[in-house]
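Structure first, then comments.
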Amino acid sequence: MTAELVRGQNHPLSQSRLEIRISAGTPVAAAAALGDENGRIHGTEWVAHPGAPVQPGLEVSRQAAADHRLAVDLDAMTDAVHRVSVLLALPAANAGAGPARFGSVAAPFVAVTGLDGIEVASYTITGLDLESAVVALELYRRQGAWKVRAVGQGYAGGLAELFADQGLSEAAQLAAGIDAAVAKGLARSVQAPPPRTPEGDRSRQAAAPAVGPDQGAAPQGAPGPVPPAYGGQPAGGQGQGGPQPAYGSATDPHAPSGGPVNYSHPRRQTSAPPPPPPAAPPAQPGQPARPVAGDATGWSMEERLYNQVWGMFEDLARTAAAYRSAVDFAESRMDKELEQALSDPRSRIGGQGDAAREAARARYTQLVDQARASLDRDLDQLVAESEVVEPALPPAFARWDNPCWHAYRVPMEIPMALRLGDLRLPEAESIRIPMLLRLPLERGLWIDSGRTDSLDGSFTDSHDMRRLAMDTAVAHAARLLAVYPAGEFTVHVVDPAGSGAQALAPLTQTGVLAGPPAQGAAGVTEVLARLTQRVDLVQMALRGGAPDALPPGFDTSQQLLIVNDFPHGFDDRAVNQLRYLVDEGPSVGVHLMMVADREESAGYGPLLDPLWRSLLRLTAVPDDHLADPWVGHAWTYEPPSVPPGSEVLRQVLAQVAKARRTGNG
């Protein structure tokens, strides 16, 4: 029976090999600190964290995530270790992006389980407010026995204050190192879908980025960026003051803010409820329900499909996590049984020892087979769901080989999201999960042109990698142009040496670019100066409370800058302008797509590190570098590809160019 602990309560532990499961509802960084009998940490090597995830008897997650599983082997602890403290920290607290305090998110939940998954003790950390780091619980040794205690001690000063309180002299340096490791992990993480819009707000404005707790936006519960004049009124459709009074404009003299009184009935619905999702056909007796495209919740088929794809993504992540955990448990159990058999001199030789080893291996095989059968059952259901969902996806969510592109028409409004490729896991090679990124873009993209080997062992030279990277960038840009209404998305290209001319041909020949690709140092300077000036103008207008004061004829469309062959043609001033666009551009509709080799750009040193961490890295060949926001699996990313010999991309861009000329879709 699970012991549900409250702060300060303890519970004995009967097992030495444990798993600590953490569920926080928002990405958090997890760490574990080893302490002596007084709770002191003797050095940075006594802390397992995302930058150094493995210590003797400890293994923690390598990145921030909403769910964690920490492995603990108490028998592997040295005699000097008397305490293991489990630490949680909000990764964005020091970056100004995402929730900055635990009081604004759901209370974290921590459970100590055996390797069989059975909970021994659990603790919900309540009462937190301004704290951004917390000691969740501790495992401690008393008279040779181990116990777990619920702690819940929070620190408003973050990890630096926490480590200092535990006696670590290098507290600030270690906290900074953990922040850097977590930032790198977040840069490779697929963004979780933002919260659904409130019931009365089903509008999506093109100029106001969707706000999500872990998408590099405002903290959860805090207001997002104020949309510029061309974005319409704030989300909710009711202006800054909230709902207007139903009758007249009387005010309540006793109201604290003196605002308008809302005379509407609190239970009266102001909008129709969403129509019910399509019902699944009846299943055969003993068979699982047959999947239906669009059976998730949502106000439209697009929203239902979007939520359904994310549900499939999460289901596959957690199913694979359960399988891997079961296999790990089977291996650990077999190792322990073999160790026990070998520790007895009487069973080391002869038939008794052989029988014990065979029995241990048989139990391992049985456990793994059971886990695989459960995984296969779940995969079969996901495959069936994928087979009905994929053909039903709209163009923004569909692959380039989907027939929907042949009936393409320029849309009248932007979609919820955009497909950037596919994701898969090694346990489920037959399932491809569409990688959907919410629109408008929250952060820019970095198309890596430096990888020279793919997962299948094939080799690609540097010249071909640059070409593939530019082809991938053009495919992404074409899709962005295709899913926006005519004239609401503008693409600029910086190609200093002209090396991307062949790959850029679909964009240049159809006339969808804002102008010819900028070449040479002078071209780079002109484009960057123009876009940074644009960001400055919009920000000044918004901060001054006069979004209508932008110059006449100001282009209100979203802007995308494709940078090829970086860092050639870029001086220090241009690099700083790029960093400014990455940091400040997305909130006012200016986005960046870098096509670059990270190693070639290393000469700029730490100057570029914040830039790379702010961009979502994608590759031109399959690569297992992305992580899901739930359990942090390494997912293989497959870039979008146009079928060989197909003219679909050029045909779509031609329609985009025609719609711009005629002024309609």
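The values are calculated or read from the model by the stated rules, or taken from the named source; none is laboratory data. In this text, all values refer to a predicted model and were calculated from it rather than measured experimentally. With ideal geometry, Cβ positions are generated from the backbone for all residues, glycine too; neighbour counts draw on all protein chains shown. Keep in mind that these areas ignore ligands, DNA and RNA; they rest on the heavy atoms of the full protein, side chains included. Shrake-Rupley method; radii C 1.70, N 1.55, O 1.52, S 1.80 Å.
Considering the range 564-594 alone, what residues qualify as being among the hydrophobic types (A, V, I, L, M, F, W, C) and either over 21 Å from Leu439 (Cα atoms) or in a loop (DSSP other than H, G, I, E, B) (or both)?
Within the range 564-594, Phe566, Phe570, Ala574, Val575, Leu578 meet the criteria.
Out of Leu338, Leu342, Leu367, I need the residue that is open to solvent by 30 Å² or more (accessible area, probe 1.4 Å), without any contact (Cβ under 8 Å) to a residue 24 or more places away in the chain, touching a helix residue (DSSP H, G or I) at 6+ places or on another chain (Cβ under 7 Å) and part of a helix (DSSP H, G or I). Which one?
Checking each option against the conditions leaves just Leu338.
Starting from the range 517-531, take each residue that is under 15 Å from Val491 (Cα atoms) and without any contact (Cβ under 8 Å) to a residue 40 or more places away in the chain and list its partners that are open to solvent by 60 Å² or more (accessible area, probe 1.4 Å) and among the acidic types (Asp, Glu), counting only C-beta distances under 7 angstrom and pairs at least six apart or across chains.
What qualifies is Ala518/Glu526.
Please state which one of Pro440, Pro434, Pro415 is under 21 Å from Val595 (Cα atoms) and either open to solvent by less than 30 Å² (accessible area, probe 1.4 Å) or modelled with pLDDT of 95 or more (or both).
On the way: Pro434 fails: under 21 Å from Val595 (Cα atoms); Pro415 fails: under 21 Å from Val595 (Cα atoms).
It is Pro440.
Please specify each residue of the range 41-60 satisfying the condition of being surrounded by fewer than 22 Cβ atoms within 10 Å (Cβ to Cβ) and either in contact with a helix residue (DSSP H, G or I) (Cβ under 9 Å, 6 or more places away or on another chain) or closer than 27 Å to Arg318 by Cβ (or both).
If the condition is that a residue be surrounded by fewer than 22 Cβ atoms within 10 Å (Cβ to Cβ) and either in contact with a helix residue (DSSP H, G or I) (Cβ under 9 Å, 6 or more places away or on another chain) or closer than 27 Å to Arg318 by Cβ (or both), then Thr44, Gly51, Ala52, Pro53, Val54, Gln55, Pro56, Gly57, Glu59 are the ones that fit.
How do the pairs read when you match residues in the range 153-179 that are β-branched (Val, Ile, Thr) with residues anywhere that are not in a helix (DSSP H, G or I), using Cβ under 8 Å and keeping only pairs 6 or more apart or on different chains?
Ile178/Ala29; Ile178/Ala31; Ile178/His49; Ile178/Pro50; Ile178/Gly51; Ile178/Ala89
I want to confirm something. Restricting to the range 265-313 and keeping residues that are of a type in the set (Asp, Glu) and modelled with pLDDT of 90 or more, which single residue is farthest from Ala392 (Cα to Cα)?
Out of the qualifying residues, it is Glu303.
Of all residues in the range 475-503, which are farther than 18 Å from Pro440 by Cα and either among the polar types (S, T, N, Q) or within 24 Å of the chain's Cα centre (by Cα) (or both)?
Within the range 475-503, Ser499, Gln502 qualify.
With surrounded by 15 or more Cβ atoms within 10 Å (Cβ to Cβ), among the basic types (Lys, Arg) and within 17 Å of the chain's Cα centre (by Cα) as the only criterion, which of Arg613, Arg650, Arg660 stands out?
Arg613
Can you tell me which residue in the range 532-543 is surrounded by the most Cβ atoms within 10 Å (Cβ to Cβ), limited to those that are of a type outside the set (Lys, Arg) and in contact (Cβ under 8 Å) with a residue 12 or more places away in the chain?
Applying the filter and picking the extreme gives Val538.
Would you confirm whether or not the range 544-560 contains a residue that is more than 18 Å from His476 (Cα to Cα), open to solvent by 20 Å² or more (accessible area, probe 1.4 Å), assigned to a helix (DSSP H, G or I) and of a type in the set (Val, Ile, Thr)?
The answer is no, given that none of the residues of the range 544-560 is more than 18 Å from His476 (Cα to Cα), open to solvent by 20 Å² or more (accessible area, probe 1.4 Å), assigned to a helix (DSSP H, G or I) and of a type in the set (Val, Ile, Thr).
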